[in-house]
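J.: Below you will find the structure I want to go over with you.
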Amino acid sequence: MREPMANANPVVLPLDQVVKSVAEERVSVASNWKLVWWRFRKHHLALFSAGVLILFYLVVLVPDFFATYDPEATDAKLSFIPIQGIHLLDGARISPWAPAIVGKRNAVTLKMEWQVDATKQVPLHLFVRGYPYKVLGIFETDIHLFGSGSQDADAKVFLLGTDRLGRDQWSRLMYGTRTSMTVGLVAVALSVVLGVVLGGVSGYFGGWLDLIIQRLIELLQSLPTIPIWLAMTAALPQDWRPDQVFLAITIILALVGWTTLGREVRGRFLSLREEDFVLAAELAGCSRWRIITRHMVPAFMSHIIATSTLAIPVMIINETSLSFLGLGIRPPAISWGVLLQEAQNLQTIALAPWLLIPGLFVILAVLAFNIVGDGLRDAADPYGH
Amino acid sequence: MLRFILQRLLLLPLLLFVFSVVVFLLVQAPPGDFLTSYLATLASSGSSVDQAQVDALTKQFGLDQPFHVQYIRWMEGLGRGDLGLSLEYQRPNMELIGERLLLTVLLALFAFVFTWVIAIPAGIYSATHQNSILDYVFTLLNYIGVATPNFMLALILMWVAFSSFGVSVTGLFSREYEQAPWSLARFIDLLQHIWLPMIILGIAGTARLMRVMRANLLDELNKPYVVAARARGLSEWRLVLKYPVRLAINPLVSTIGWYLPQLFSGSLIVATVMNLPNIGPMLLRALVQQDMYLAGSILLIYCFLTIIGTLISDILLAWLDPRIRMENA
Amino acid sequence: MNHATPLLSVHNLQVQFFMDEGIVQAVDGVSFDVFPRQVFGIVGESGCGKSVTMKAILQILEPPGRIVKGEILLNRNGSTIDLAKLNPNGKEMRDIRGAQIALIPQEPMSSFSPVHTVGDQIIEAIRLHQPVHARAARQIALEMFRDVGIPMPEQRLDEYAWQLSGGLRQRAMIAMALSCHPRLLIADEPTTAIDVTTQAQILRLLRKLQEEHHTAIIFITHDLGVIAQMADYVQVMYLGLVMEEGPVDAIFHAPKHPYTQALLRSIPSVHSTPRVNLPTISGSIPHPFNRPSGCPFHPRCPQFIAGKCDKHIPPLRSVGGVQAAACVLYHDVEVPR
């Protein structure tokens, strides 16, 4: 506690005054968004997670580019192929390759058993030609990020193995990523719109409107979410197209999810309404609409963005859970939950544990969203906790 | 205080009424009814359909009646404490739900206790040893705990148990106790099985609670009353446990209001994966089969449990915090 | 009185805060003696280190703050112990806190736990330091409540701090602080959070109790008026350094240090010329990371001497017999520090 200091009169950290005054001036004229960004930037883990999310959304934009095979292509002969493993070096040269796999039918169980044959190398290349697809629905191409570039059965590389029907899990995961990451984003966007509009109306106008909306929120919040979700999704007609189901699921998730946000927005509106700058705007003759859109909403926008970022992972988990139970996104549409449905019973998992890999994607995405959300919240509201 | 609880209790029937309408609307919403899907199954298996039998079933369950008549029939039954007959099993719903409901509540309570017993001490440790190695470990585990959907955790643990020990950790009972009447031996058997679902169900909540506890306690530790207590010579541990921990826990009590209901309905997914005899898997099947009275009853039970959970937290909060208690006196 | 042995004697106390951004020297070599029955005042603006000094004496500095140098000698029954050498959480230090040295905190409202009754917390303090049962402790607490003039003490004991008025709360705090008959009371801005009329009552009460209980008081405040009313001896602090010290009359009637002079000029007085702006001290308190070189007050000092004030920290030296000031105006510094 009282170890003697080397210097009896320690120098107090000197700060370069010139640099400081410039920095201070920069801070005082920066917009709120810049300030948030500067604070966020200091949070390295959050910055890294934001990078992970950007990668995910790149996949969302062009899943086919990252996929190696047609995710729908089935081949019963190629079922349950395990992960082959990629080798980056060929001798000392950087030249990625995967060992070929050889299947042999077990004479007793009559099941295919796959062996890695390291003597045969399947080289992997960047930007290879594969199945044709459309980029963003606009132009057609057949270039994929990587692959063996060969349609030969011996030269196929299943990065993450295959499922029961011999479909390439990696390619299916790319498609699942698109669905699941979109559902989360769209559902939250819908909740935000609902929450901001209803919460804002409730908080700004008050009176009987506030009363009704408050009771509605309370009612919705005392409903058991998961069972109600299940009942709602079970009510969707069986003959709906995948895109209709997708939309419906998103709306269902949002309908139950907006209440927390609505409450928060209402609270903010109530406290902001008493602020001096709102009074000042009123005295300056601003219209109500202008006060709301130009003065009040920007004051809590950064906070809403942080809160929504934290709501997305919840939606992703919910979608995954619903689809996993068979009541969410339905095959032939592919989502992480749909993929995990393949791993529903113990026998399958024991036989093909790699079918659990979509779950790791869920965890990774949720982790990244949570970390980014926390970072944003701290950056948006440095005085809160 | 008493008036406040009475108020909530008086509101209970009204809420249940609203929920019953919502629930009935939901289970009625799918096109067709139980008979159409039942007949379709029969037809696809090649069995002949006796029109007279179909008519009898239709009449018995009032499936040809308009919505409000069906609803009133259901409500009349509920008023007598009768949840109606299951269309699929042709048995009273009460009988089907009975023990499963008990096990649902039991599992949720176990998970709840697990959550608090783990999260509170760990949160206190993290806050009082801020930036220590264990604090970082806890924080990391928290993030992972929140990020893992509980069915995923169930799958992974089941796989690990199966591939390394060769045991299949499903169900809540060993085979010989599954249908047996309650006895001490059966209860012990239950305890031997319930711990894994308990951990799986409780882990996300534990992570969340630990995080909130840590943050709350960190706030409280800097409050002047802590300095004042320290200045009168209280030892650090007694001080932390008596004052800031108490104040940090108070707001957590209000989380019981949403956590208990979340456990009740969250067990639905875990129960389906792990094949637990809960009301969850039964609801799932009833929904798919359009066994509407059974599905409606289970949904209403979930609603009831949710309201009860909220009520418990309100009462606890008022009881623990004199500021709220006095306000409502 | 000055010939008696001091009750508490602080020598060259240095407290530093080890932050991520660097080290903050919160208290930089403060020394003083507090004698029995003396009211020792410490004045300064916020951030001058007066509260940190108080926490250092009680050894309740929160991390990252640490005593890095100096002695805090407490005279107990003829023998002295150095509090700075004790383990802050050890039994010995805890027995001194509350029993030998008690604290009257700044905010009586938030210094009581809102979920425990006032009585609960006072009885706890009594039972920590006196071997009495709960019922006897309650009797002592009741006595104390009567002593500090709380009406209906029986009922107040079972109330929560937020149910009491500001004045009653501070009276309850004083009752708690005095309940174990400490020989030294540290009052950290005890009247800042209270309205002015109650303030006067509380100050009178403190004076009265101090005489009855023969306690010494270290009275910390930024309010010069309060100090003039309460203290026997005054120390003026600025950015962790003592600027000037002396008997209260000398400080108020013949301030020597430009900082003390500036502080006194900025107090409104009945003798000041009407309709003239009160003089203020120019500039603001520098950021602790950005402490000026030399005398910390030199950027704001009206009598600043370039090449001297910004180069050396002048030591505290006796001026005019009774008081001492740290300023080159009185002692030209030869030795650069």
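J.: Which net charge results for the neighbourhood of B:Tyr243, defined as the other residues with beta-carbon distances under 12 angstrom from its beta-carbon, given Lys and Arg at +1 and Asp and Glu at -1?
T.: +2
J.: Pull out a ≥ b ≥ c, the square roots of the eigenvalues of the alpha-carbon gyration tensor of the range C:151-301, then state rounded if a/c is under 1.5, prolate if not and a/b is larger than b/c, and oblate in the remaining case.
T.: It comes out prolate by the Cα gyration axes.
J.: Which percent of the Cα-Cα distances in the range C:241-337 go past 24 Å?
T.: The answer is 27 percent, as a whole percent.
J.: Continuing with the same structure: Apply the Kirkwood formula to the range B:99-328: the hydrodynamic radius equals the inverse of the mean of 1/r over all pairs of different alpha-carbon atoms; give it in Å with one decimal.
T.: Result for the range B:99-328 stands at 19.6 Å.
J.: Would you tell me the mean number of C-beta atoms belonging to other protein chains that fall within 10 Å of each C-beta in B:140-148, as a whole number?
T.: Mean shielding count: 4.
J.: Quick one: net charge around B:Ala119, please, counting Lys, Arg +1 and Asp, Glu -1 for every other residue with C-beta under 13 Å from its C-beta.
T.: Net charge around B:Ala119: +3.
J.: Among DSSP beta bridges whose residues both lie in the protein assembly as shown, state the antiparallel percentage, nearest 5.
T.: Taking every DSSP beta bridge with both residues in the protein assembly as shown, the antiparallel ones total about 75 percent.
J.: Here is a follow-up. Among A:Gly200, C:Pro63, A:Leu216, whose Cα sits farthest toward the positive end of the charge dipole of the protein assembly as shown (+1 at Cβ of Lys/Arg, -1 at Cβ of Asp/Glu, about the Cα centre)?
T.: C:Pro63
J.: Relative to the first principal axis of the alpha-carbon coordinates of chain A, what is the inclination of helix A:357-380, with its axis defined by its Cα atoms, in degrees from 0 to 90 and to the nearest 10?
T.: The helix A:357-380 is inclined about 20 degrees to chain A.
J.: If you find the alpha carbon centre of the range A:172-197 and of the range A:54-109, how far apart are they in angstrom?
T.: 28
J.: For n ≥ 4 DSSP H runs only, could you compute -39500 (n - 2.57) per run for the protein assembly as shown, divide by its residues and tell me the 222 nm figure to the nearest 500?
T.: -17500 deg cm²/dmol
J.: Which ³J(HN,Hα) values in Hz, rounded to whole numbers, follow from the phi angles of the range A:318-330 under the Karplus curve 6.51 cos²θ - 1.76 cosθ + 1.60, where θ = phi - 60° and Gly and Pro get x?
T.: For the range A:318-330, the Karplus-derived couplings read 5, 4, 4, 5, 4, 5, 4, 7, x, 10, x, 4, 10 Hz, x marking Gly and Pro.
J.: Sequence neighbours fewer than 8 away in the same chain don't count; with that in mind, list the aspartates and glutamates whose C-alpha is under 15 Å from C:Lys208.
T.: Partners found: C:Asp147, C:Asp232.
J.: Between B:Leu39 and B:Ser235, what length in nm is gained on full extension when 0.36 nm per residue of separation is reduced by their alpha carbon distance?
T.: This chain segment gains 63.1 nm when fully extended.
J.: If I fit a long axis through the Cα atoms of helix B:279-289 and take the longest principal axis of the Cα atoms of chain B, what angle between them do I get, 0 to 90°, rounded to 10?
T.: Long axis of B:279-289 versus the principal axis of chain B: about 40 degrees.
J.: In addition: Compute the whole-percent fraction of alpha carbon pairs in the range A:29-102 spaced more than 20 Å apart.
T.: 65
J.: Across peptide B:221-227, what mean number of C-beta atoms from other chains lies inside 10 Å of a residue's C-beta?
T.: Per residue, the average neighbour count from other chains is 6.
J.: Also, I was wondering about something else. If each of B:Leu102 and A:Leu47 carries a label point 7 Å out from its Cα toward its Cβ, how far apart are those two points in nm?
T.: Placing both labels 7 Å along Cα→Cβ, they lie 5.9 nm apart.
J.: Over the alpha carbons of the range C:157-216, what is the largest minus smallest coordinate on each principal axis, giving the biggest first in Å?
T.: 31, 27, 18
J.: Starting from the Cα gyration tensor of the protein assembly as shown, take the square roots of the eigenvalues, sort them a ≥ b ≥ c, and report rounded, prolate or oblate (rounded when a/c is under 1.5, otherwise prolate if a/b is larger than b/c, else oblate).
T.: In terms of gyration-tensor shape, prolate.
J.: Here is a further query. Among residues other than B:Pro224 whose Cβ falls under 15 Å from its Cβ, what is the net charge (Lys/Arg +1, Asp/Glu -1)?
T.: So the surrounding residues net to -1.
J.: Considering only DSSP beta bridges where both residues belong to chain A, give the percentage that are antiparallel (nearest 5).
T.: 100
J.: Still on this structure, I have one more. Could you give the distance between the Cα centres of the range C:110-177 and the range C:1-80, to the whole Å?
T.: Value for the Cα centre distance between the two parts: 28 Å.
J.: Related question: Under 5 Å between amide H atoms, partner at least 5 residues away or on a different chain: which partners does C:Phe35 have, H built in plane at 1.01 Å?
T.: Excluding prolines and chain starts, which carry no amide H, the hits are C:Leu7.
J.: Which whole-Hz couplings ³J(HN,Hα) result when phi for each residue of the range B:315-321 is put into the Karplus expression 6.51 cos²θ - 1.76 cosθ + 1.60, θ = phi - 60°, listed in order with x for Gly and Pro?
T.: With coefficients 6.51, -1.76 and 1.60, one gets 5, 4, 4, 5, 6, 7, 9 Hz.
J.: Right, here's the next one. Treating only the Cβ of Lys, Arg, Asp and Glu as charged (+1, +1, -1, -1), what charge dipole size does chain C show about its Cα centre? Round to the nearest 20 debye.
T.: 220
J.: For the pair B:Leu6/C:Val132, report the inter-label distance in nm, with labels modelled 7 Å from Cα in the Cβ direction.
T.: With each label placed 7 Å out from Cα toward Cβ, I get 4.2 nm.
J.: Still on this structure: For chain C, set up a Gaussian network in which alpha carbons nearer than 10 Å are linked by springs, and say which option among C:Tyr233, C:Tyr259, C:Tyr160 fluctuates the most.
T.: C:Tyr160
J.: While we're on this one: Can you tell me which aspartates and glutamates have their Cα less than 17 Å from the Cα of A:Lys111? Leave out same-chain residues fewer than eight positions away.
T.: Once the sequence-local aspartates and glutamates are set aside, what remains near A:Lys111 is A:Asp75, A:Asp163.
J.: To one decimal place, what orientation-averaged projected area in nm² is obtained for the convex hull of the Cα set of chain C?
T.: 19.1
J.: Near the amide H of C:Gly98, under 5 Å away, which other amide H atoms are found, from residues 5 or more places off or on another chain, if H is placed in the peptide plane?
T.: Here the answer is C:Leu103, since their amide H atoms fall under 5 Å of that of C:Gly98.
J.: Rounded to the nearest 0.05, what FRET efficiency do A:Thr119 and A:Ser271 have when you use their Cβ-Cβ distance and R0 = 60 Å?
T.: 0.25
J.: Another one. List the lysines whose Cα sits under 22 Å from the Cα of A:Lys34, skipping any in the same chain fewer than 8 residues away.
T.: Cross-link targets: A:Lys20, A:Lys42.
J.: Which far-off residues, 5 or more places away or on another chain, put their amide H under 5 Å from the one on C:Ile23, with H placed in the peptide plane?
T.: A:Leu13
J.: Moving to a separate point now. Could you work out the mean count of beta carbons from other protein chains within 10 Å of each residue's beta carbon in B:151-161?
T.: Mean number of neighbouring Cβ atoms from other chains: 5.
J.: Using the Cα gyration tensor of chain A, with a ≥ b ≥ c the square roots of its eigenvalues, what is the shape: rounded (a/c below 1.5), prolate (a/b larger than b/c) or oblate (neither)?
T.: Since a/c reaches 1.5 but b/c is at least a/b, the shape of chain A is classed as oblate.
J.: So, by mean Cβ neighbours within 10 angstrom, what's the order for C:249-255, A:329-335, A:93-99 with the highest one leading?
T.: By packing density, highest mean first, the sequence is A:329-335, C:249-255, A:93-99.
J.: Largest first and to the nearest Å, give the Cα extent of the range A:171-379 along each principal axis.
T.: The Cα atoms of the range A:171-379 stretch 71, 36, 27 Å along their principal axes.
J.: Round to the nearest 10 and give me the degree value, 0 to 90, for the angle of helix B:133-147's Cα axis relative to the longest principal axis of chain B.
T.: Computed tilt is about 20 degrees.
J.: Another question, then. Listed here are the pairs B:Lys242/C:Lys91; C:Lys256/C:Lys308; C:Lys50/C:Lys256; C:Lys69/C:Lys256; B:Lys242/C:Lys85; which of them are more than 22 Å apart at the Cα?
T.: Violating the 22 Å limit, Cα to Cα: C:Lys69/C:Lys256; B:Lys242/C:Lys85.
Here, each number is a calculation from the coordinates, and none is a lab measurement. These numbers come from a predicted model, not from an experiment. When we count neighbours, we look across all protein chains shown, and the Cβ atoms used for this are built from the backbone with ideal geometry, even at glycine.
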